[in-house]
1. How far is helix 224-233 tilted off the main Cα axis of the chain, in degrees rounded to 10, range 0 to 90?
2. Can you match Cα extents along the principal axes in Å to one of these, (i) 65, 45, 43; (ii) 63, 38, 37; (iii) 68, 51, 41, based on a calculation from the structure here?
3. Can you give me the orientation-averaged projected area of the convex hull built on the Cα atoms of region 262-362, in nm²?
4. Tilt of helix 311-323 relative to the longest C-alpha principal axis of the chain, in degrees (0 to 90, nearest 10)?
5. Which trypsin sites (Lys or Arg not before Pro) from region 27-133 combine a DSSP loop assignment with at most 16 other Cβ atoms within 10 Å?
6. May I ask you to derive the relative contact order of the chain, considering only C-alpha pairs under 8 Å and at least 6 residues apart, and to give it as an integer percent?
7. Determine the dipole magnitude for region 205-295: charges of +1 sit on the beta-carbon of Lys and Arg, -1 on that of Asp and Glu, nothing else is charged, the reference point is the Cα centre, and the result goes in debye to the nearest 20.
8. Please build a GNM for the chain, connecting alpha carbons under 10 Å apart, and tell me which residue among LEU57, LEU187, LEU108 fluctuates the most.
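Here, each number is a calculation from the coordinates, and none is a lab measurement. Worth saying up front: this structure is predicted, and the values here are computed from it rather than measured. Note that we place each Cβ from the backbone using ideal geometry, even for glycine, and neighbour counts take in every protein chain shown.
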Amino acid sequence: MKICFLAGADSIHSKRWIEYFTKKRNEVHWISLTKNCFEEIKDIKFYLLKQFSSKLLDIIFNIVSFRKLIRKIKPDILHAHYAGVNGVIAALSGFHPFVLTAWGSDILIATKSKAVKLLVKFALKRADLITCDAVHMKEAMIKLGVPNSKIKIIYFGVDTQKFSPGPKNEELIKKLNIENDPIIISLRSFDPIYNVETLIRAIPLVLKEFPTAKFIIGGKGPEEQKLKKMAKSLEISDSIRFIGWILNNELPKYLKTADIYISTSLSDAGISSCTAEAMAVGLPVVITNTGENEKWVEDNKSGFLIPVKNSEILAEKIICLLEDENKKDNFKKAGIEMIEKNNSYYGEMEKMEKIYEELVRK
């Protein structure tokens with residue numbers, strides 16, 4: 001097939017999706033409003049549209065260029081990732097078959113604005129098929145007028161060949177000056193929605209019981225300085241390693257080196273990719289009970305589900321896992337089984353391939 005993707009070139013999710021279909025020897029074209037922040041992917045034709053100061057200008061000034069590209073490429077399938085700007089541009093191109101993947105905030109948050117809601121509804125209406133990774137997102141789109149039959153649940157999936165159990169990385173342990181200390185890791189961005197502040201406030205409570213515990217906090221975002229100042233004021237900076245953004249190919253060694261994974265997010269669509277990757281390598285997880293997390297983690301059997309913004313309960317669950325090796329092992333086994341069975345990257349992309357083929361045949 002000849003597949004054209006309109007997707008951000010700064011998203012690992014888009015990259016992995018596109019990479020799969022390239023490796024399957026399809027002719028792949030990637031159009032983006034953002035510069036490619038990854039290494040070059042072989043056999044992909046990449047096109048960069050111009051990004052403007054507002055999303056509305058992105059749409060207005062790129063639609064003509066996009067239409068010209070589509071006429072030149074003549075793809076079998078057009079697939080836009082994210083129902084915002086990309087979805088609207090793809091819808092305005094008039095090309096069919098047009099597949100649209102909704103990511104979460106484009107449906108659940110952005111549509112709170114009446115103007116944005118109209119644009120998103122337009123993109124959803126023009127799409128021939130829509131994918132998302134959570135039942136409650138599907139339900140939200142049905143409320144926006146999308147027929148149930150038009151929506152398929154396709155998970156982004158975990159590369160279980162890359163994210164699998166393995167030994168701790170001794171070189172990384174030396175680099176971070178952690179030695180044989182218990183390691184707790186968080187990989188959510190420093191945006192208010194991910195509420196890393198709750199983890200910071202839980203750390204002093206954990207250190208009372210486990211003074212040598214170390215916390216690897218990876219990510220970047222607008223709250224970075226605020227979080228570092230908070231850690232300093234709580235006198236816990238020596239127990240934290242703020243390591244910045246971690247490239248996806250570096251993630252496995254960080255996850256394998258940790259003992260517990262934490263997510264304090266206020267909202268998730270389906271299970272977050274880093275939570276699923278942590279489960280795949282065998283990390284016991286402590287995550288907030290939001291979105292569909294309870295579908296993936298059975299509380300006290302395959303992980304802990306906790307209320308949002310509750311540092312005391314978070315600390316209590318971390319301490320419980322550090323004290324109970326049997327519980328950690330049970331969570332590890334259950335988490336690996338759940339991801340391998342229900343959220344494999346290869347299995348989900350095979351489903352998507354069949355969808356593409358069916359649309360092309362029609």
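1. 10 degrees
2. Among (i) 65, 45, 43; (ii) 63, 38, 37; (iii) 68, 51, 41, the one derived from this structure is (ii).
3. About 6.8 nm², averaged over all directions.
4. Helix 311-323 sits at roughly 70 degrees to that axis.
5. In loop regions of region 27-133 (DSSP not H, G, I, E or B), the sparsely surrounded trypsin sites (Lys or Arg not before Pro) are LYS35, LYS42, LYS50.
6. That works out to 14 percent.
7. 320 debye
8. Between LEU57, LEU187, LEU108, it is LEU57 that shows the largest mean-square fluctuation.
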